[in-house]
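The next block holds one structure in the form of structure tokens; read it before the comments.
The values are calculated or read from the model by the stated rules, or taken from the named source; none is laboratory data. Here the structure is a predicted model, which is why all the values come from computation and not from measurement. Because the Cβ atoms are built from the backbone with ideal geometry, glycine has one as well, and the counts that use them run over all protein chains shown.
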Amino acid sequence: MTELEGRTEQTRARLLDAAREVFSQQGFQGATVREICRRAETNVASVNYHFGSKDGLLAEALNFNRLKALQLSNVQQDDCPKQRLRLFIREFMLMLLDEKNPSSQCRIMARELADPTPALDKIVREAIAPLHEFLGGLVNEIVGSGLSAAEQRRCVYSILGQTLFYRHSHPVLQRLNPRLRYDHREIDAIAEHIAEFSLAGINSLAKK
């Protein structure tokens with residue numbers, strides 16, 4: 001790789017990092033190319049040069065490989081389904097909440113669920129639908145044939161709803177509890193609570 005090609009790749013990488021940060025904070029509609037380029041320390045023409053448009057930049061920024069890898073790793077675990085659900089919830093919560101190792105893509109996804117933009121179709125197709133399918137399969141492993149398709153679907157909604165609540169409601173929760181910090185200890189406690197609550201609900205439904 002030549003020196004020029006190296007600089008070009010570095011600029012492209014900085015733009016993607018900045019775009020993920022701005023999209024997760026301000027949404028697609030609120031994000032501006034000028035702000036993204038300011039954070040990337042490059043000129044506004046670089047977005048068109050590297051990605052063709054703001055839409056093209058969003059398409060590149062929405063790379064959900066980390067979330068897909070999390071699901072694949074979970075499927076390959078030797079643990080029982082209930083333990084795999086606990087592990088998934090913990091890892092997913094870390095992706096949503098951990099300030100030291102954030103997943104901007106997951107935060108963009110969470111923001112789109114709360115305030116949809118035209119990017120939502122791509123996010124549903126590439127991230128949310130596979131995630132729902134994965135969790136639905138895990139719920140079925142836990143209960144066998146004890147739930148209808150509608151009940152299984154609602155279990156998935158409930159699990160994800162609990163996880164996303166802590167992302168969306170963070171400003172409110174901090175005002176209710178000013179000492180709240182999403183450090184690893186707190187995230188672990190939240191994840192364990194969600195897992196216990198969800199498993200109790202799933203088992204109760206299966207018994208019916």
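Check N140 against each of (1) touching a helix residue (DSSP H, G or I) at 6+ places or on another chain (Cβ under 7 Å); (2) outside any helix (DSSP H, G or I) and name the one condition it does not meet.
That leaves (2) as the condition not met.
Of the residues that sit in the stretch 123-157 and are among the charged types (D, E, K, R), surrounded by fewer than 16 Cβ atoms within 10 Å (Cβ to Cβ) and under 30 Å from A31 (Cβ atoms), which one is modelled with the lowest pLDDT?
R125
Looking at the stretch 163-199, which of the residues that are over 21 Å from F88 (Cβ atoms) and aliphatic (A, V, I, L, M) is farthest from the chain's Cα centre (by Cα)?
That would be L176.
Please pick out the residue among A59, A45, A31, A69 that is of a type outside the set (S, T, N, Q), over 25 Å from D188 (Cβ atoms) and within 16 Å of the chain's Cα centre (by Cα).
Within the list A59, A45, A31, A69, the selection yields A59.
Does the stretch 43-59 include one or more residues that are of a type in the set (G, A, S), surrounded by 17 or more Cβ atoms within 10 Å (Cβ to Cβ), in contact with a Phe, Trp or Tyr (Cβ under 9 Å, 6 or more places away or on another chain) and more than 30 Å from G144 (Cα to Cα)?
Within the stretch 43-59, none of the residues are of a type in the set (G, A, S), surrounded by 17 or more Cβ atoms within 10 Å (Cβ to Cβ), in contact with a Phe, Trp or Tyr (Cβ under 9 Å, 6 or more places away or on another chain) and more than 30 Å from G144 (Cα to Cα).
In the stretch 174-208, what residues are hydrophobic (A, V, I, L, M, F, W, C) and either exposed (fewer than 14 other Cβ atoms within 10 Å of the Cβ) or closer than 20 Å to H132 by Cα (or both)?
L176, L180, A189, A191, I194, A195, F197, L199, A200, I202, L205, A206
If the Cβ limit is 7 Å and pairs must be 6+ apart or interchain, which residue in the stretch 1-17 that is at pLDDT 80 or above pairs with which residue that is surrounded by fewer than 15 Cβ atoms within 10 Å (Cβ to Cβ)?
R14/E41
For the stretch 189-205, does any single residue satisfy the condition of being of a type in the set (V, I, T), farther than 24 Å from S24 by Cβ and not in a loop (DSSP other than H, G, I, E, B)?
yes
Determine, yes or no, whether P118 is more than 17 Å from the chain's Cα centre (by Cα), in the same structural domain as H193 (by TED's automatic domain parsing) and farther than 22 Å from E192 by Cα.
In short, yes.
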